[in-house]
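The values are calculated or read from the model by the stated rules, or taken from the named source; none is laboratory data. As the structure is a computational prediction, the values presented were derived from the model and not from experiment. Note that each Cβ is placed from the backbone with ideal geometry, even for glycine, and that neighbours are counted across all protein chains shown. When the accessible area is computed, the model is the full protein with side chains, heavy atoms only, and any ligands, DNA or RNA have been set aside. Shrake-Rupley method; radii C 1.70, N 1.55, O 1.52, S 1.80 Å.
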Amino acid sequence: VDGDLMNGSDSSPTRGDVPSKSLLLAVWAACIGGTFQYGYNISIINAPTTAIQKFINQTWTERYNTDISKQVLTLFWSTIVSIFTIGGLVGSSVGGTLAIRYGRKGTLLINNIFALLAAVLMGTSYPTGLFELLIAGRFLTGVNAGIALCVQPLYLGEIAPRALRGAMAMGTSIFITGGILTGQVIGLDELLGRDDYWPILLSTTCIPAVLQLLILPWFPESPRFLLIDRGDDQACNQALKQLHGVDKYSQEREDIERERLSAMGVKPKKPWELFGDRSLRWQLITVILLGVFQQLNGINAIYFYADYVFSQAGIPEDKIPYVTVGTGACECLTALTCGLLIESLGRRVLIMGGYSLMAVWCICFTLTLTFQNASPWVPYLSMVCVFAFILSFGLGPGGVTNILTTELFIQSARPAAYMISGSVNWLSFFFIGMAFPFIVNGLQQYCFLVFLTVCVLVATYIFFIVPETKNKTFLEIHAEFQSRELKKKLGKDDAHGAVAPLITTI
(Lines give C-alpha, C1' and ligand atoms only; values in the text may rest on other atoms or scores of the structure.)
Protein backbone atom coordinates (compact mmCIF):
# COMPACT_ATOMS: atom_id res chain seq x y z
CA VAL A 1 0.00 0.00 0.00
CA ASP A 2 1.28 3.45 -0.87
CA GLY A 3 2.86 5.48 1.95
CA ASP A 4 0.36 8.33 1.67
CA LEU A 5 -2.51 5.91 2.04
CA MET A 6 -0.90 4.20 5.02
CA ASN A 7 -0.23 7.41 6.87
CA GLY A 8 -3.39 9.24 5.90
CA SER A 9 -3.63 12.85 4.94
CA ASP A 10 -3.70 13.97 8.55
CA SER A 11 -3.16 11.91 11.66
CA SER A 12 -4.76 14.44 13.97
CA PRO A 13 -8.50 14.73 14.19
CA THR A 14 -10.21 17.59 12.44
CA ARG A 15 -13.05 17.51 14.97
CA GLY A 16 -12.41 17.46 18.64
CA ASP A 17 -15.88 17.19 18.89
CA VAL A 18 -18.89 15.96 20.51
CA PRO A 19 -20.54 12.88 18.96
CA SER A 20 -23.78 13.45 17.07
CA LYS A 21 -27.10 12.60 18.69
CA SER A 22 -27.63 9.86 16.10
CA LEU A 23 -24.27 8.23 16.96
CA LEU A 24 -24.99 8.29 20.71
CA LEU A 25 -28.42 6.75 20.18
CA ALA A 26 -26.94 4.06 17.92
CA VAL A 27 -24.43 3.20 20.66
CA TRP A 28 -27.23 3.06 23.25
CA ALA A 29 -29.39 0.86 20.99
CA ALA A 30 -26.51 -1.56 20.37
CA CYS A 31 -25.47 -1.76 24.03
CA ILE A 32 -28.88 -2.11 25.73
CA GLY A 33 -29.50 -5.48 24.09
CA GLY A 34 -25.79 -6.35 23.99
CA THR A 35 -23.33 -6.11 26.85
CA PHE A 36 -26.00 -4.73 29.20
CA GLN A 37 -27.57 -8.21 29.00
CA TYR A 38 -24.23 -9.80 29.93
CA GLY A 39 -23.83 -7.70 33.07
CA TYR A 40 -27.50 -8.03 33.99
CA ASN A 41 -27.57 -11.83 33.71
CA ILE A 42 -24.36 -12.21 35.72
CA SER A 43 -25.91 -10.11 38.48
CA ILE A 44 -29.54 -11.23 38.81
CA ILE A 45 -28.74 -14.89 39.44
CA ASN A 46 -27.32 -14.05 42.90
CA ALA A 47 -30.54 -12.76 44.52
CA PRO A 48 -32.78 -15.84 44.07
CA THR A 49 -30.17 -18.46 45.06
CA THR A 50 -32.06 -19.77 48.10
CA ALA A 51 -35.50 -19.57 46.43
CA ILE A 52 -34.36 -21.54 43.36
CA GLN A 53 -32.74 -24.20 45.52
CA LYS A 54 -36.04 -24.56 47.44
CA PHE A 55 -37.88 -24.89 44.13
CA ILE A 56 -35.51 -27.65 42.94
CA ASN A 57 -35.92 -29.50 46.26
CA GLN A 58 -39.72 -29.15 46.14
CA THR A 59 -39.90 -30.35 42.54
CA TRP A 60 -37.62 -33.31 43.28
CA THR A 61 -39.76 -34.30 46.28
CA GLU A 62 -42.97 -34.16 44.21
CA ARG A 63 -41.43 -36.30 41.48
CA TYR A 64 -39.64 -38.93 43.52
CA ASN A 65 -41.29 -38.71 47.00
CA THR A 66 -37.94 -38.08 48.67
CA ASP A 67 -35.82 -35.07 49.49
CA ILE A 68 -32.95 -34.31 47.17
CA SER A 69 -29.48 -34.95 48.59
CA LYS A 70 -27.28 -31.96 49.35
CA GLN A 71 -24.69 -33.08 46.79
CA VAL A 72 -27.22 -33.41 43.96
CA LEU A 73 -28.81 -30.05 44.84
CA THR A 74 -25.37 -28.41 44.76
CA LEU A 75 -24.69 -30.07 41.40
CA PHE A 76 -27.93 -28.74 39.89
CA TRP A 77 -27.33 -25.24 41.26
CA SER A 78 -23.71 -25.20 40.07
CA THR A 79 -24.90 -26.31 36.63
CA ILE A 80 -27.50 -23.52 36.47
CA VAL A 81 -24.81 -20.95 37.31
CA SER A 82 -21.90 -22.31 35.25
CA ILE A 83 -23.85 -23.32 32.10
CA PHE A 84 -23.97 -19.57 31.39
CA THR A 85 -20.22 -19.74 30.76
CA ILE A 86 -20.54 -22.68 28.36
CA GLY A 87 -23.21 -20.76 26.45
CA GLY A 88 -20.92 -17.73 26.34
CA LEU A 89 -18.12 -19.83 24.84
CA VAL A 90 -20.49 -21.16 22.17
CA GLY A 91 -21.73 -17.63 21.41
CA SER A 92 -18.26 -16.14 21.10
CA SER A 93 -17.22 -19.04 18.83
CA VAL A 94 -19.93 -18.24 16.27
CA GLY A 95 -20.25 -14.47 16.78
CA GLY A 96 -17.55 -13.46 14.31
CA THR A 97 -18.89 -15.77 11.60
CA LEU A 98 -22.42 -14.38 12.05
CA ALA A 99 -21.04 -10.81 11.93
CA ILE A 100 -19.43 -11.52 8.55
CA ARG A 101 -22.52 -13.22 7.13
CA TYR A 102 -25.35 -11.06 8.49
CA GLY A 103 -23.50 -7.84 9.34
CA ARG A 104 -22.81 -6.35 12.76
CA LYS A 105 -26.24 -4.80 13.24
CA GLY A 106 -28.01 -7.82 11.73
CA THR A 107 -26.26 -10.20 14.12
CA LEU A 108 -27.15 -8.06 17.14
CA LEU A 109 -30.81 -8.16 16.11
CA ILE A 110 -30.78 -11.93 15.51
CA ASN A 111 -29.06 -12.41 18.88
CA ASN A 112 -32.20 -11.22 20.69
CA ILE A 113 -33.91 -14.48 19.75
CA PHE A 114 -31.75 -16.26 22.34
CA ALA A 115 -32.63 -13.73 25.06
CA LEU A 116 -36.36 -13.98 24.35
CA LEU A 117 -36.31 -17.79 24.35
CA ALA A 118 -34.31 -17.76 27.58
CA ALA A 119 -36.84 -15.44 29.23
CA VAL A 120 -39.73 -17.75 28.24
CA LEU A 121 -37.94 -20.88 29.49
CA MET A 122 -36.86 -19.43 32.83
CA GLY A 123 -40.18 -17.66 33.41
CA THR A 124 -42.20 -20.85 32.82
CA SER A 125 -39.93 -23.18 34.82
CA TYR A 126 -41.86 -22.61 38.06
CA PRO A 127 -45.45 -23.02 36.77
CA THR A 128 -44.46 -26.12 34.78
CA GLY A 129 -42.42 -27.60 37.63
CA LEU A 130 -39.42 -28.17 35.35
CA PHE A 131 -36.20 -26.85 36.88
CA GLU A 132 -34.38 -28.21 33.79
CA LEU A 133 -35.80 -25.22 31.92
CA LEU A 134 -33.61 -23.00 34.11
CA ILE A 135 -30.52 -24.80 32.83
CA ALA A 136 -31.65 -24.41 29.20
CA GLY A 137 -32.55 -20.75 29.78
CA ARG A 138 -29.21 -19.93 31.41
CA PHE A 139 -27.40 -21.62 28.53
CA LEU A 140 -29.27 -19.43 26.03
CA THR A 141 -28.52 -16.27 28.03
CA GLY A 142 -24.87 -17.31 27.85
CA VAL A 143 -25.05 -17.72 24.06
CA ASN A 144 -26.67 -14.26 23.87
CA ALA A 145 -23.90 -12.76 26.02
CA GLY A 146 -21.13 -14.48 24.05
CA ILE A 147 -22.38 -13.17 20.71
CA ALA A 148 -22.96 -9.69 22.19
CA LEU A 149 -19.44 -9.47 23.65
CA CYS A 150 -18.03 -10.47 20.26
CA VAL A 151 -20.15 -8.37 17.91
CA GLN A 152 -21.18 -5.27 19.84
CA PRO A 153 -17.61 -3.90 20.39
CA LEU A 154 -17.00 -4.64 16.70
CA TYR A 155 -20.01 -2.50 15.75
CA LEU A 156 -19.12 0.35 18.11
CA GLY A 157 -15.50 0.47 16.95
CA GLU A 158 -16.56 0.61 13.31
CA ILE A 159 -19.28 3.28 13.57
CA ALA A 160 -17.25 5.65 15.80
CA PRO A 161 -15.15 8.46 14.30
CA ARG A 162 -11.40 8.09 14.77
CA ALA A 163 -11.19 10.96 17.27
CA LEU A 164 -13.92 9.47 19.47
CA ARG A 165 -13.35 5.76 18.91
CA GLY A 166 -12.12 5.06 22.44
CA ALA A 167 -14.90 7.02 24.12
CA MET A 168 -17.63 5.40 22.01
CA ALA A 169 -16.17 1.90 22.46
CA MET A 170 -16.31 2.49 26.23
CA GLY A 171 -20.06 1.91 25.81
CA THR A 172 -19.23 -1.80 26.12
CA SER A 173 -17.83 -1.45 29.65
CA ILE A 174 -20.28 1.23 30.75
CA PHE A 175 -23.24 -0.96 29.84
CA ILE A 176 -21.71 -4.11 31.38
CA THR A 177 -21.31 -2.30 34.70
CA GLY A 178 -24.71 -0.66 34.22
CA GLY A 179 -26.23 -4.11 33.72
CA ILE A 180 -24.54 -5.45 36.86
CA LEU A 181 -25.76 -2.47 38.89
CA THR A 182 -29.30 -2.75 37.50
CA GLY A 183 -29.39 -6.45 38.34
CA GLN A 184 -28.22 -5.75 41.90
CA VAL A 185 -30.91 -3.11 42.37
CA ILE A 186 -33.73 -5.16 40.80
CA GLY A 187 -32.65 -8.10 42.97
CA LEU A 188 -33.25 -6.21 46.24
CA ASP A 189 -36.13 -7.44 48.41
CA GLU A 190 -38.04 -4.20 47.88
CA LEU A 191 -38.26 -4.93 44.13
CA LEU A 192 -38.03 -8.46 42.66
CA GLY A 193 -35.68 -10.05 45.19
CA ARG A 194 -38.41 -11.72 47.26
CA ASP A 195 -38.68 -15.51 47.05
CA ASP A 196 -42.03 -15.47 45.22
CA TYR A 197 -40.77 -13.19 42.45
CA TRP A 198 -37.74 -15.09 41.14
CA PRO A 199 -39.44 -16.39 37.92
CA ILE A 200 -40.35 -12.78 37.04
CA LEU A 201 -36.83 -11.60 37.94
CA LEU A 202 -35.15 -14.10 35.62
CA SER A 203 -37.59 -13.46 32.78
CA THR A 204 -36.90 -9.69 32.81
CA THR A 205 -34.01 -10.44 30.48
CA CYS A 206 -36.59 -10.04 27.70
CA ILE A 207 -36.95 -6.29 28.35
CA PRO A 208 -33.55 -5.19 26.97
CA ALA A 209 -34.05 -7.55 24.01
CA VAL A 210 -37.41 -5.99 23.14
CA LEU A 211 -35.96 -2.48 23.48
CA GLN A 212 -33.16 -3.30 21.05
CA LEU A 213 -35.53 -4.88 18.55
CA LEU A 214 -37.63 -1.70 18.60
CA ILE A 215 -34.79 0.84 18.43
CA LEU A 216 -31.73 -0.58 16.63
CA PRO A 217 -33.44 -1.08 13.21
CA TRP A 218 -33.68 2.72 12.92
CA PHE A 219 -29.87 3.00 12.80
CA PRO A 220 -27.49 1.97 10.02
CA GLU A 221 -25.20 -1.00 9.58
CA SER A 222 -21.47 -0.48 10.15
CA PRO A 223 -20.17 1.76 7.31
CA ARG A 224 -16.90 -0.22 7.21
CA PHE A 225 -18.80 -3.47 6.77
CA LEU A 226 -20.97 -1.95 4.05
CA LEU A 227 -18.03 -0.67 1.97
CA ILE A 228 -15.21 -3.15 2.64
CA ASP A 229 -17.18 -6.39 3.02
CA ARG A 230 -20.27 -5.68 0.91
CA GLY A 231 -18.85 -3.14 -1.57
CA ASP A 232 -21.95 -0.95 -1.19
CA ASP A 233 -20.62 2.58 -1.65
CA GLN A 234 -24.00 4.31 -1.55
CA ALA A 235 -25.15 2.58 1.65
CA CYS A 236 -21.80 3.39 3.27
CA ASN A 237 -22.19 7.10 2.49
CA GLN A 238 -25.77 7.14 3.78
CA ALA A 239 -24.71 5.42 6.99
CA LEU A 240 -21.84 7.86 7.57
CA LYS A 241 -24.10 10.87 6.96
CA GLN A 242 -26.69 9.55 9.42
CA LEU A 243 -24.09 8.79 12.09
CA HIS A 244 -21.79 11.81 11.75
CA GLY A 245 -23.72 14.46 9.82
CA VAL A 246 -23.53 15.59 6.20
CA ASP A 247 -20.77 18.12 6.93
CA LYS A 248 -18.54 15.83 9.05
CA TYR A 249 -18.48 12.44 7.40
CA SER A 250 -15.83 13.04 4.70
CA GLN A 251 -12.71 12.23 6.75
CA GLU A 252 -14.23 8.99 8.02
CA ARG A 253 -15.07 8.11 4.42
CA GLU A 254 -11.43 8.71 3.44
CA ASP A 255 -10.16 6.49 6.28
CA ILE A 256 -12.51 3.67 5.26
CA GLU A 257 -11.49 4.06 1.62
CA ARG A 258 -7.81 3.69 2.52
CA GLU A 259 -8.59 0.53 4.46
CA ARG A 260 -10.69 -0.77 1.56
CA LEU A 261 -7.83 -0.25 -0.90
CA SER A 262 -5.41 -2.06 1.41
CA ALA A 263 -7.85 -4.96 1.79
CA MET A 264 -8.72 -5.40 -1.89
CA GLY A 265 -8.70 -9.07 -2.78
CA VAL A 266 -8.32 -10.11 0.86
CA LYS A 267 -11.13 -12.28 2.23
CA PRO A 268 -12.14 -12.18 5.91
CA LYS A 269 -9.77 -14.43 7.84
CA LYS A 270 -10.76 -17.50 9.78
CA PRO A 271 -9.60 -17.69 13.42
CA TRP A 272 -7.01 -20.40 12.71
CA GLU A 273 -5.55 -18.30 9.87
CA LEU A 274 -4.62 -15.57 12.33
CA PHE A 275 -2.25 -17.94 14.13
CA GLY A 276 -0.29 -18.49 10.91
CA ASP A 277 -0.03 -14.78 10.00
CA ARG A 278 3.29 -13.41 11.30
CA SER A 279 2.15 -9.80 10.72
CA LEU A 280 -0.56 -10.33 13.36
CA ARG A 281 1.56 -12.29 15.85
CA TRP A 282 1.98 -9.58 18.52
CA GLN A 283 -1.56 -8.29 18.15
CA LEU A 284 -2.90 -11.83 18.70
CA ILE A 285 -0.62 -12.50 21.66
CA THR A 286 -1.73 -9.19 23.18
CA VAL A 287 -5.49 -9.82 23.01
CA ILE A 288 -5.08 -13.41 24.26
CA LEU A 289 -2.97 -12.33 27.25
CA LEU A 290 -5.28 -9.44 28.10
CA GLY A 291 -8.33 -11.72 27.84
CA VAL A 292 -6.79 -14.29 30.19
CA PHE A 293 -5.46 -11.78 32.70
CA GLN A 294 -8.71 -9.83 32.81
CA GLN A 295 -10.17 -12.88 34.56
CA LEU A 296 -7.05 -13.71 36.60
CA ASN A 297 -6.22 -10.23 37.92
CA GLY A 298 -8.04 -10.59 41.24
CA ILE A 299 -11.33 -8.78 40.59
CA ASN A 300 -13.26 -12.03 41.21
CA ALA A 301 -11.38 -12.52 44.51
CA ILE A 302 -12.30 -9.00 45.59
CA TYR A 303 -16.00 -9.70 45.10
CA PHE A 304 -15.60 -13.08 46.83
CA TYR A 305 -14.11 -11.42 49.93
CA ALA A 306 -16.41 -8.37 49.85
CA ASP A 307 -19.22 -9.84 51.99
CA TYR A 308 -16.72 -11.10 54.59
CA VAL A 309 -15.03 -7.71 54.75
CA PHE A 310 -18.34 -5.89 55.08
CA SER A 311 -19.53 -8.17 57.88
CA GLN A 312 -16.21 -7.77 59.71
CA ALA A 313 -16.64 -4.02 59.47
CA GLY A 314 -19.85 -4.37 61.48
CA ILE A 315 -22.39 -4.01 58.69
CA PRO A 316 -25.55 -6.05 59.54
CA GLU A 317 -26.08 -9.08 57.31
CA ASP A 318 -29.41 -7.80 55.97
CA LYS A 319 -27.74 -4.54 54.90
CA ILE A 320 -24.83 -6.13 53.01
CA PRO A 321 -26.80 -6.36 49.70
CA TYR A 322 -27.13 -2.57 49.77
CA VAL A 323 -23.38 -2.14 50.24
CA THR A 324 -22.86 -4.60 47.38
CA VAL A 325 -24.99 -2.28 45.23
CA GLY A 326 -22.45 0.38 46.22
CA THR A 327 -19.65 -1.70 44.68
CA GLY A 328 -21.66 -1.98 41.47
CA ALA A 329 -22.24 1.78 41.44
CA CYS A 330 -18.52 2.29 42.07
CA GLU A 331 -17.57 0.17 39.04
CA CYS A 332 -20.18 1.89 36.86
CA LEU A 333 -18.88 5.31 37.89
CA THR A 334 -15.28 4.41 37.00
CA ALA A 335 -16.36 3.08 33.59
CA LEU A 336 -17.97 6.47 32.90
CA THR A 337 -14.82 8.24 34.13
CA CYS A 338 -12.66 6.06 31.89
CA GLY A 339 -14.87 7.02 28.95
CA LEU A 340 -14.22 10.70 29.65
CA LEU A 341 -10.45 10.26 30.07
CA ILE A 342 -9.58 7.75 27.37
CA GLU A 343 -9.24 10.21 24.48
CA SER A 344 -7.08 12.63 26.49
CA LEU A 345 -4.83 10.20 28.40
CA GLY A 346 -4.76 7.38 25.87
CA ARG A 347 -5.14 3.61 26.20
CA ARG A 348 -1.64 2.76 27.46
CA VAL A 349 -1.70 5.18 30.40
CA LEU A 350 -5.10 3.96 31.60
CA ILE A 351 -4.45 0.24 31.32
CA MET A 352 -0.91 0.39 32.75
CA GLY A 353 -2.05 2.76 35.49
CA GLY A 354 -5.04 0.54 36.31
CA TYR A 355 -2.94 -2.62 36.65
CA SER A 356 -0.23 -0.78 38.62
CA LEU A 357 -2.79 0.55 41.12
CA MET A 358 -4.38 -2.91 41.38
CA ALA A 359 -0.94 -4.31 42.27
CA VAL A 360 -0.63 -1.75 45.07
CA TRP A 361 -4.08 -2.61 46.43
CA CYS A 362 -3.25 -6.35 46.30
CA ILE A 363 -0.40 -5.68 48.75
CA CYS A 364 -2.59 -3.52 50.99
CA PHE A 365 -5.48 -6.00 50.98
CA THR A 366 -3.19 -8.91 51.85
CA LEU A 367 -1.90 -6.94 54.84
CA THR A 368 -5.33 -5.81 56.08
CA LEU A 369 -6.80 -9.33 55.77
CA THR A 370 -3.79 -10.79 57.60
CA PHE A 371 -4.18 -8.33 60.49
CA GLN A 372 -7.99 -8.13 60.32
CA ASN A 373 -8.39 -8.73 64.05
CA ALA A 374 -5.43 -6.63 65.19
CA SER A 375 -7.50 -3.48 65.66
CA PRO A 376 -11.15 -2.34 65.25
CA TRP A 377 -10.20 0.04 62.43
CA VAL A 378 -8.43 -2.57 60.23
CA PRO A 379 -11.71 -3.93 58.70
CA TYR A 380 -12.48 -0.39 57.53
CA LEU A 381 -9.11 -0.30 55.75
CA SER A 382 -10.12 -3.58 54.08
CA MET A 383 -13.33 -1.89 52.88
CA VAL A 384 -11.24 0.94 51.42
CA CYS A 385 -9.10 -1.65 49.60
CA VAL A 386 -12.22 -3.31 48.13
CA PHE A 387 -13.54 -0.06 46.66
CA ALA A 388 -10.08 1.14 45.59
CA PHE A 389 -9.39 -2.12 43.74
CA ILE A 390 -12.75 -1.94 41.94
CA LEU A 391 -12.09 1.69 41.00
CA SER A 392 -8.64 0.81 39.61
CA PHE A 393 -10.04 -2.13 37.63
CA GLY A 394 -12.82 -0.04 36.10
CA LEU A 395 -10.46 2.80 35.24
CA GLY A 396 -8.09 0.62 33.22
CA PRO A 397 -8.44 -3.12 32.50
CA GLY A 398 -12.23 -3.20 32.76
CA GLY A 399 -12.65 -0.41 30.25
CA VAL A 400 -9.75 -0.52 27.80
CA THR A 401 -9.26 -4.26 27.10
CA ASN A 402 -12.19 -4.62 24.67
CA ILE A 403 -11.22 -1.47 22.78
CA LEU A 404 -7.76 -2.81 21.97
CA THR A 405 -9.22 -5.85 20.20
CA THR A 406 -11.00 -3.49 17.82
CA GLU A 407 -8.01 -1.22 17.27
CA LEU A 408 -5.17 -3.74 16.87
CA PHE A 409 -6.71 -5.50 13.85
CA ILE A 410 -7.75 -4.41 10.38
CA GLN A 411 -11.14 -5.24 8.83
CA SER A 412 -10.28 -8.66 7.39
CA ALA A 413 -8.93 -9.98 10.71
CA ARG A 414 -11.16 -8.21 13.24
CA PRO A 415 -14.13 -10.65 13.46
CA ALA A 416 -11.78 -13.64 13.82
CA ALA A 417 -9.80 -11.76 16.48
CA TYR A 418 -12.99 -11.19 18.46
CA MET A 419 -13.86 -14.88 18.19
CA ILE A 420 -10.43 -15.82 19.59
CA SER A 421 -10.37 -13.19 22.35
CA GLY A 422 -13.98 -13.98 23.30
CA SER A 423 -13.31 -17.72 23.48
CA VAL A 424 -10.19 -17.13 25.60
CA ASN A 425 -12.15 -14.81 27.89
CA TRP A 426 -14.97 -17.32 28.44
CA LEU A 427 -12.56 -20.23 28.95
CA SER A 428 -10.67 -18.15 31.52
CA PHE A 429 -13.99 -17.23 33.14
CA PHE A 430 -14.87 -20.93 33.37
CA PHE A 431 -11.41 -21.84 34.70
CA ILE A 432 -11.44 -19.18 37.41
CA GLY A 433 -14.95 -20.25 38.40
CA MET A 434 -13.78 -23.85 38.83
CA ALA A 435 -10.32 -23.21 40.32
CA PHE A 436 -10.98 -20.09 42.36
CA PRO A 437 -12.49 -21.78 45.46
CA PHE A 438 -9.45 -24.08 45.63
CA ILE A 439 -7.04 -21.14 45.20
CA VAL A 440 -8.73 -19.18 47.99
CA ASN A 441 -9.02 -22.18 50.31
CA GLY A 442 -5.39 -23.11 49.73
CA LEU A 443 -3.76 -19.67 49.88
CA GLN A 444 -6.46 -17.72 51.76
CA GLN A 445 -5.60 -13.99 51.77
CA TYR A 446 -2.19 -14.71 50.23
CA CYS A 447 -3.92 -15.45 46.91
CA PHE A 448 -3.65 -11.71 46.32
CA LEU A 449 0.12 -12.10 46.01
CA VAL A 450 -0.56 -14.26 42.92
CA PHE A 451 -2.83 -11.54 41.55
CA LEU A 452 -0.13 -8.96 42.38
CA THR A 453 2.30 -10.86 40.13
CA VAL A 454 -0.29 -11.01 37.33
CA CYS A 455 -0.95 -7.25 37.50
CA VAL A 456 2.77 -6.39 37.43
CA LEU A 457 3.41 -8.72 34.47
CA VAL A 458 0.55 -7.25 32.42
CA ALA A 459 1.60 -3.64 33.10
CA THR A 460 5.17 -4.52 32.06
CA TYR A 461 4.01 -6.27 28.88
CA ILE A 462 1.85 -3.30 27.86
CA PHE A 463 4.77 -0.90 28.48
CA PHE A 464 7.19 -2.78 26.23
CA ILE A 465 4.95 -4.26 23.52
CA VAL A 466 1.69 -2.38 22.93
CA PRO A 467 1.83 1.02 21.16
CA GLU A 468 -0.54 3.88 21.88
CA THR A 469 -3.54 3.62 19.54
CA LYS A 470 -5.26 6.90 20.41
CA ASN A 471 -6.28 8.93 17.34
CA LYS A 472 -4.65 6.54 14.86
CA THR A 473 -6.34 4.83 11.94
CA PHE A 474 -6.52 1.05 11.92
CA LEU A 475 -3.97 1.02 9.09
CA GLU A 476 -1.53 3.22 11.03
CA ILE A 477 -1.73 0.88 14.04
CA HIS A 478 -1.22 -2.16 11.77
CA ALA A 479 1.75 -0.45 10.09
CA GLU A 480 3.33 0.22 13.47
CA PHE A 481 3.33 -3.47 14.34
CA GLN A 482 4.65 -4.34 10.86
CA SER A 483 7.52 -1.84 11.20
CA ARG A 484 8.46 -3.50 14.51
CA GLU A 485 8.62 -6.89 12.81
CA LEU A 486 10.67 -5.37 9.97
CA LYS A 487 13.16 -3.85 12.43
CA LYS A 488 13.60 -7.22 14.13
CA LYS A 489 14.15 -8.90 10.78
CA LEU A 490 16.65 -6.27 9.69
CA GLY A 491 18.42 -6.59 13.03
CA LYS A 492 18.81 -10.33 12.49
CA ASP A 493 20.03 -9.76 8.93
CA ASP A 494 22.58 -7.19 10.15
CA ALA A 495 23.81 -9.61 12.80
CA HIS A 496 24.11 -12.35 10.18
CA GLY A 497 25.93 -9.96 7.82
CA ALA A 498 28.41 -9.04 10.55
CA VAL A 499 29.16 -12.69 11.35
CA ALA A 500 29.54 -13.81 7.71
CA PRO A 501 32.78 -11.85 6.94
CA LEU A 502 34.27 -13.11 10.22
CA ILE A 503 33.57 -16.72 9.20
CA THR A 504 35.07 -16.05 5.76
CA THR A 505 38.22 -14.57 7.31
CA ILE A 506 38.65 -17.52 9.64
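Structure above, values below:
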item: Helices (runs of 4 or more DSSP H) contained entirely in the stretch 78-196, each with at least 1 residues that are more than 30 Å from A235 (Cβ to Cβ) and within 13 Å of the chain's Cα centre (by Cα); result: 171-186
item: The one condition in (1) of a type outside the set (K, R); (2) touching a residue at least 24 places away in the same chain (Cβ under 8 Å); (3) touching a Leu at 6+ places or on another chain (Cβ under 9 Å) that P208 fails to fulfil; result: (3)
item: Sole residue being free of Cβ contacts under 8 Å to residues at least 40 places away in the same chain and open to solvent by less than 30 Å² (accessible area, probe 1.4 Å), chosen from I110, I68; result: I68
item: Per-region count, the stretch 289-339, residues surrounded by 20 or more Cβ atoms within 10 Å (Cβ to Cβ) and acidic (D, E); result: 1
item: Those residues of the stretch 199-249 which are among the aromatic types (F, W, Y), in a helix (DSSP H, G or I) and within 21 Å of Q411 (Cβ to Cβ), in sequence order; result: F225
item: Unique residue being surrounded by fewer than 20 Cβ atoms within 10 Å (Cβ to Cβ), under 25 Å from S428 (Cα atoms), touching a residue at least 12 places away in the same chain (Cβ under 8 Å) and not β-branched (V, I, T) when the list is A136, A169; result: A136
item: Residue count, the stretch 359-375 (criterion: of a type in the set (F, W, Y) and either open to solvent by less than 40 Å² (accessible area, probe 1.4 Å) or more than 13 Å from I302 (Cα to Cα) (or both)); result: 2
item: Among the candidates I228, I200, I215, residue that is more than 24 Å from the chain's Cα centre (by Cα) and surrounded by fewer than 17 Cβ atoms within 10 Å (Cβ to Cβ); result: I200
item: Matching residues in the stretch 315-340 - criterion: being more than 19 Å from C385 (Cα to Cα) and either without any contact (Cβ under 8 Å) to a residue 40 or more places away in the chain or touching a strand residue (DSSP E or B) at 6+ places or on another chain (Cβ under 8 Å) (or both); result: P316, E317, D318, K319
item: Residue count for the stretch 449-489, restricted to those that are assigned to a helix (DSSP H, G or I), at pLDDT below 90 and not hydrophobic (A, V, I, L, M, F, W, C); result: 10
item: Residue among G276, G245 that alone is under 26 Å from M419 (Cα atoms) and surrounded by fewer than 17 Cβ atoms within 10 Å (Cβ to Cβ); result: G276
item: Sole residue being over 27 Å from G95 (Cβ atoms) and not in a helix (DSSP H, G or I), chosen from I302, I320, I315; result: I315
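Conditions tested, residue by residue: (1) surrounded by 24 or more Cβ atoms within 10 Å (Cβ to Cβ); (2) basic (K, R); (3) touching a Leu at 6+ places or on another chain (Cβ under 9 Å).
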position: F387; (1), (2), (3): no, no, no
position: T405; (1), (2), (3): yes, no, yes
position: F409; (1), (2), (3): yes, no, yes
position: P415; (1), (2), (3): yes, no, yes
position: S423; (1), (2), (3): no, no, yes
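Here's the yes/no breakdown for (1) under 15 Å from the mean Cα position of the chain (by Cα); (2) among the β-branched types (V, I, T); (3) farther than 30 Å from G265 by Cα:
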{"residue": "V386", "(1), (2), (3)": "no, yes, yes"}
{"residue": "G394", "(1), (2), (3)": "yes, no, yes"}
{"residue": "I403", "(1), (2), (3)": "yes, yes, no"}
{"residue": "E407", "(1), (2), (3)": "yes, no, no"}
{"residue": "F430", "(1), (2), (3)": "yes, no, yes"}
{"residue": "G433", "(1), (2), (3)": "no, no, yes"}
{"residue": "L452", "(1), (2), (3)": "no, no, yes"}
{"residue": "V456", "(1), (2), (3)": "no, yes, yes"}
{"residue": "P467", "(1), (2), (3)": "no, no, no"}
